[in-house]
Amino acid sequence: MNKIYSKKITDNEETGNIFWTTMSDLMLGLAIIFIMLFVIAMTGFSQQSINQQKMKIEMSKQIEAALKESNIDVKINKMTGDLEIPAAALFDLNSSVLTTQGKDLLSKLAPIYINTIFSNENISKDIENIAVEGHTDSQTFSGVKSPDEQFIKNMDLSLRRANSVAAYILKTNYDKKNASAFRKIIVVEGKSYNEPILVNGKEDYTKSRRVEIKLKVKNWNVASAFGLKI
């Protein structure tokens with residue numbers, strides 16, 4: 001009886017060992033697969049980012065060339081295609097009402113910018129938003145009694161200016177077949193004086209007062225690489 005009982009224990013132990021060995025192999029296999037997929041995804045992520053940046057640079061060149069051809073003098077970031085327009089070219093001091101000069105500028109600039117972006121499907125399909133940002137300088141308004149009040153007054157001015165620019169852009173003569181898509185991605189932001197332009201370590205008030213038009217593309221991550229929604 002002792003021998004039979006001992007034999008049964010040995011069989012159970014062997015069965016248990018086989019089970020855990022099988023599970024270990026399975027977990028190891030899954031880990032290897034996960035690592036391989038992760039490497040593939042990250043490689044794809046890097047390549048996608050590189051491709052997006054190349055396309056944005058090429059788009060920036062196209063926009064810059066078209067603006068120069070139309071004698072439109074605005075600052076463009078050659079890496080991102082972002083535009084920077086001095087506030088003085090659009091508004092009177094402390095005003096958010098577009099001047100005649102400002103309207104003329106936007107009437108020429110906006111169609112070039114929008115049409116160029118939407119002509120490149122590889123860029124337009126990945127656009128998260130086009131942000132119109134208003135920026136002010138940090139000089140104090142007369143009669144302001146606190147830093148908070150100063151900040152809010154500048155926030156209000158910067159937001160109203162950005163909204164005026166966005167509203168007028170929508171009225172310009174860009175290709176209206178892109179109107180619906182454009183309305184879905186355009187956003188308006190007021191930055192107050194949070195992002196000043198510094199020259200030799202000091203704020204350049206004139207340069208700080210500006211409106212920027214920024215293109216932001218969608219993030220391409222590991223989840224999107226596998227078609228997952230998170």
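Here is how the numbers come out for the structure above:
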item: The listed residue being within 23 Å of the chain's Cα centre (by Cα) and either in the same structural domain as Ile112 (by TED's automatic domain parsing) or at pLDDT 95 or above (or both), out of Val187, Val199; result: Val187
item: Qualifying position, being modelled with pLDDT of 90 or more and within 29 Å of the chain's Cα centre (by Cα), among Asp73, Asp82, Asp92; result: Asp82
item: Qualifying residue in the stretch 188-206 (condition: at negative phi and assigned to a helix (DSSP H, G or I)); result: yes
item: Residues of the stretch 175-199 satisfying the condition of being in contact (Cβ under 8 Å) with a residue 60 or more places away in the chain and among the hydrophobic types (A, V, I, L, M, F, W, C); result: Ala181, Phe182
item: Of residues in the stretch 93-118 being part of a loop (DSSP other than H, G, I, E, B) and either out of contact with any strand residue (DSSP E or B) (no Cβ under 9 Å at 6 or more places or on another chain) or of a type in the set (Ser, Thr, Tyr) (or both), the one surrounded by the fewest Cβ atoms within 10 Å (Cβ to Cβ); result: Leu93
item: Residue in the stretch 119-134 that is on the phi < 0 side of the Ramachandran plot, more than 19 Å from the chain's Cα centre (by Cα) and buried (at least 18 other Cβ atoms within 10 Å of the Cβ) present; result: no
item: Members of the stretch 79-104 found to be of a type in the set (Asp, Glu) and within 18 Å of Thr206 (Cα to Cα), listed by number; result: Glu84, Asp92
item: Qualifying residue in the stretch 74-92 (condition: part of a loop (DSSP other than H, G, I, E, B), surrounded by 15 or more Cβ atoms within 10 Å (Cβ to Cβ) and among the small types (Gly, Ala, Ser)); result: yes
item: Residue match in the stretch 34-56 (condition: closer than 18 Å to Lys216 by Cα, at pLDDT 90 or above and touching a Leu at 6+ places or on another chain (Cβ under 8 Å)); result: no
item: Selection from the stretch 123-174 of residues that are without any contact (Cβ under 8 Å) to a residue 60 or more places away in the chain, small (Gly, Ala, Ser) and in contact with a Lys or Arg (Cβ under 7 Å, 6 or more places away or on another chain); result: Ser158
item: The stretch 83-110, residues that are free of Cβ contacts under 8 Å to residues at least 12 places away in the same chain and among the hydrophobic types (A, V, I, L, M, F, W, C); result: Leu93
item: Given (1) in a helix (DSSP H, G or I); (2) closer than 19 Å to Thr206 by Cβ, number of the condition Ser138 does not satisfy; result: (1)
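The values are calculated or read from the model by the stated rules, or taken from the named source; none is laboratory data. Note that the structure is predicted; figures quoted are calculated from it, not measured. For neighbour counting, all protein chains shown are included, and Cβ atoms are generated from backbone atoms with ideal geometry for every residue, glycine included.
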